Amino acid sequence: MKKKQHNGSPGEVEAAFYDALNRADIDALMALWADDEEIVCIHPNGARLLGHRAIRASWEQLLEHGGLHIHPSQLHEMHNLMSAVHTVIEGVTAATGEPAHLVATNVYLKTPKGWRITVHHVSVAPGVVPAEPASQVLH
């Protein structure tokens, strides 16, 4: 097994995750997951997958014809010293060629090897892509 690199922040892991998906690089993708077998992945309308073997097999099937071309946006972050939860809107192109969007939750854990993915859960989002929330300035 390839030695996993140290990742300095959850944001770096997230950027590398979507980059690996877009390039269909299964080895780079799986190197971002925590070593624990308690990791979880749920694809849209899919079953809950537990552990490296099941998660890797699912990504191999999804990426067998190339990258997924997912563009995350509207990041919402919650952090503490040892964990982080990110929710994003994933912009994708449906099989019909129409733009579509998904809602994803990515959970990261700080490990001795750096930040790693422990949960990736994606759901089909209803309706149109929500507008970017307006920034609020407090006086």
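Summary table below
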read-out	value
Length released on extending from residue 73 to residue 45, taking residue separation times 0.36 nm less the Cα-Cα span	8.0 nm
Burial ordering of 81, 68, fewest other beta-carbon atoms within 10 Å first	81, 68
Sorted by Cβ density within 10 Å, fewest first, the residues 107, 40	40, 107
Residue exposure sequence - 56, 116, 48 - by fewest surrounding Cβ within 10 Å	48, 56, 116
Whole-Å semi-axes of the stretch 1-92's equivalent ellipsoid (Cα gyration tensor)	19, 17, 14
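Read-outs throughout are calculated quantities, based only on the coordinates presented, and are distinct from any laboratory measurement. What you see is a predicted model, and the numbers here were worked out from it, not measured in a lab. Neighbour counts are summed over all protein chains in view; Cβ atoms, including those assigned to glycine, are modelled from backbone coordinates with ideal geometry.
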